[in-house]
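Everything below concerns the one structure shown next.
Values in this text are rule-based calculations from the coordinates and carry no lab data. Computed from a prediction, not measured in an experiment: that's the story for all the values here. Here the Cβ is made from the backbone with ideal geometry for all residues, glycine too, and neighbour counts use every protein chain on show.
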Amino acid sequence: MMTQMVLRRIAIGFATLIVVSIIVFLATSILPGDVAQIILGQSATPETLAALRAELGMDQPGYVRYFSWLGNMAVGDLGISKAGGATIASLIGGRMGNTMVMAGLVALISIPISIALGLWAAMHPGTWLDRVVTFGTMCTISVPEFFIATILVLILAVELHWLPSTAYLTGNESFTELLRALAMPLLTLVIVVSAQMIRMTRAGILNVMSSPYIEMAILKGVPRRRIILRHAFFNAIGPIVNVIALNLAYLVSGVVIVETIFAYPGLAKLMIDGVQTRDLPLVQACAMIFCGTYVLLILLADVASILSNPRLRQPK
Amino acid sequence: MTEENKTKEEEVIAKLDTFDELPDAPPKRRIKLSWVGKISVAVVAFWLVICIIGPSIAPYHEMDMEGDDSFLDAYDNFYLGTDYLGRDTLSRIIYGARNTIGISLASTLLAYLMGITLGILAAVKGGWIDMGISRVNDAILALPTIMLGLIVIAALGSSIAILVGTAAVIYATSVFRIARALGQDIMVQDFVEAAKARGEGVWWIIRAEVLPNAAMPLATDFGLRLVFVVLFISSLSFLGLGVQPPASDWGSMVRENLQGLTYGSYAAIWPAFAIATFTIAINLIVDDISAKSGGSLAKKMV
């Protein structure tokens, strides 16, 4: 029963990835931007153009190009960037590492903070501390990421001179320099992601708190603290893992904004530059990486909530 | 005397007409807002008024480089200082309200039109129509919104029509899900069964039974959706891919004036602050309404 459901969900996730690849390919193929023309420049003769087109496979019908694109992508051949003609894999390589370091650190910092604050707010609902947390997180999720980033720059970099206002890396920083450069983007993302997670953790726990067995525990006279830590928390783990995976997926859009504002040399910055120069092969590759990660994390969230549901453990 | 009696009689009849006195009278749908809610309504109303009359009250034109220098603090009648080209920040915020809120509102309305039409259609018709629309919908929902925006703009370039269309399609998917779920809930109610038994047509049922019952949750959701669209549009503008200069838009204003932040200029802060007041106010109103009416379905499904 359970394995079946998980397998089914994984199959759906895989199908989604295929559909996503079709959407990305179609959307970026609407305009037949001629790569051959761009590589060879205006002075190219029709013969050399045609030869290069054939070499790049541009003369083939759409579905053939789609499958060869998909096949190449599956084995790691991401194609050639329109601008400069470098391979996309070489462009993406280092950038992806930077973005993953950032996302990993954000997850490492924000998950424990969010669960602790969410639990704590759920333990004391209605108190002014709970209200401050609820109101604060509501405001945070209502404003754009760049609002939080600009406020942080204003306070920490301009007024207090504690941190640099950009996170541009040259590649040979010392560890402390790296830490200082990363501090501001990290802080922005931690605030954005935690706000959502705190809200959802709190709501998840309060939801479990309204179930009959908790009522029973209350009637028995078990203290609220103990109810939450011993009874509610373990039953809310499923939803909370779900929340964590979902929010790491939301990181995708946060990363796009934060890398731009702090000039952080990550994958998202590369993609934005690609969109601005309309370098479609590059945009395709980056979009596939981001969307793939997103689909994978959502899949993880769903599998977590299936696994954590004890009712699915016993076949009926 | 008779005159007075008559008015009293009329009053009684009027009262009976509203069914207030009947024991099973439906609860009144009057929404009482808390003081926070009232302030929020005032803030949203303020920005909507600015949208409409903005250009006639702005001290300068949005594109006039009237200031003495760029990134100046407030002086004379440049109440919020000047931006990176020496334009009046306040005037640009006032003009920008039109772009930011106008585009978002248009996109959300269009998203609602598409989402509700398809959602109710899927719920009422069921079968393969439902299957087909739902699968396509799920595929779009499976992508991060900002990525979809970036892909479309990379392919088509950026213009206001493309922005509105893209945002509308992206956010129509969530509206579709809610409208479909609400529609399905309502379609199995007894009063719909009764209407079907009476021989009412599909359109009559949609108009008279489904839409009125789905209206309230959808209205709450509209607020939330508008917030998401404002954030989406201003994020794209912030990335330089939304509303194009020299037109003023709150998102692009933050981008343009980011440089000034290091000299201590607030030109980038004010437009960001304007967005924040608008979106937080809408969220507070929605919170207030769903807390009072218990209609938190929309909130749960976000």
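List every residue whose amide H lies under 5 Å from the amide H of A:Ile80, counting only residues 5 or more places away in sequence or on a different chain, with H placed 1.01 Å from N in the peptide plane.
A:Ile88
Can you pull the one-decimal nm distance between simple spin-label points at A:Ile237 and B:Leu85, each 7 Å off the Cα toward Cβ?
5.8 nm
Based on the mean of other Cβ atoms within 10 Å per residue, sort peptides A:88-98, B:241-251 so the most packed one is first.
B:241-251, A:88-98
How crowded by other chains is B:279-288, given as the mean number of beta carbons from other chains within 10 Å of each beta carbon?
Counting Cβ atoms of other protein chains within 10 Å of each residue's Cβ and averaging gives 3.
Determine, for each peptide in A:112-124, A:4-16, A:214-226, the mean count of other beta carbons within 10 angstrom over its residues, then list the peptides with the highest first.
Put in order of decreasing packing, that is A:112-124, A:4-16, A:214-226.
Along region A:203-211, what does the Karplus equation 6.51 cos²θ - 1.76 cosθ + 1.60 (θ = phi - 60°) give for ³J(HN,Hα), rounded to whole Hz, x for Gly and Pro?
Along region A:203-211, the couplings run 5, x, 5, 4, 5, 4, 4, 8, 8 Hz.
Quick one: Cα centre-to-centre distance for region B:181-208 and region B:86-102, in angstrom?
47 Å
Would you mind computing, in nm to one decimal, how far apart the modelled labels at A:Leu206 and A:Ala50 are, each placed 7 Å from Cα along Cα→Cβ?
About 7.0 nm separates the two model spin labels.
If you take the Cα atoms of region B:30-290, find Rg, then find the Kirkwood Rh from the mean of 1/r over all pairs, what is Rg/Rh?
Result for region B:30-290 is an Rg/Rh of 1.07.
Listed highest first by mean packing, meaning other Cβ atoms within 10 Å per residue, what order do A:99-106, B:124-131 come in?
A:99-106, B:124-131
Using θ = phi - 60° and the Karplus relation 6.51 cos²θ - 1.76 cosθ + 1.60, list the HN-Hα couplings for region A:112-122 in order, rounded to whole Hz, with x at every Gly or Pro.
x, 4, 5, 5, 4, 5, x, 4, 5, 5, 5
Ranking B:Arg177, B:Arg87 by Cβ neighbours within 10 Å, fewest first, what do you get?
Taking fewest neighbouring Cβ atoms as first place, the list is B:Arg177, B:Arg87.
Tell me, how many Å apart are the Cα centres for region A:1-24 and for region A:205-279?
Centre-to-centre distance over Cα atoms comes out at 22 Å.
With labels modelled as points extended 7 Å from the Cα through the Cβ direction, what inter-label distance (nm, one decimal) is found for A:Leu26 paired with A:Trp120?
Roughly 4.8 nm, to one decimal.
What does the average come to when, for each residue of peptide B:250-257, you count the partner chain Cβ atoms lying within 10 Å of its Cβ?
Mean partner-chain Cβ count within 10 Å for B:250-257: 2.
Return the long-range amide H neighbours of B:Gly157 (sequence gap of 5 or more, or a different chain), with a cut-off of under 5 Å between placed amide H atoms.
none
Step through the residues of region A:276-292 one at a time and calculate ³J(HN,Hα) from phi using the Karplus curve (6.51 cos²θ - 1.76 cosθ + 1.60, θ = phi - 60°), rounding each to whole Hz and writing x for Gly and Pro.
5, 8, 6, 8, 4, x, 5, 4, 4, 4, 4, 4, 5, 5, 5, 5, x
Please report, in whole Å, how far the alpha carbons of region A:92-278 spread along each principal axis, starting with the longest.
63, 36, 31
Shielding by partners for B:133-146, please: the mean number of other protein chain Cβ atoms within 10 Å of each residue's Cβ.
5
Provide the FRET efficiency to the nearest 0.05 for the B:Trp35-A:Thr87 pair, computing r from the beta carbons and using R0 = 60 Å.
0.50
Could you grab the relative contact order for region B:30-290? Cα pairs under 8 Å, six or more apart, rounded to a whole percent.
Answer for region B:30-290 is 26 percent.
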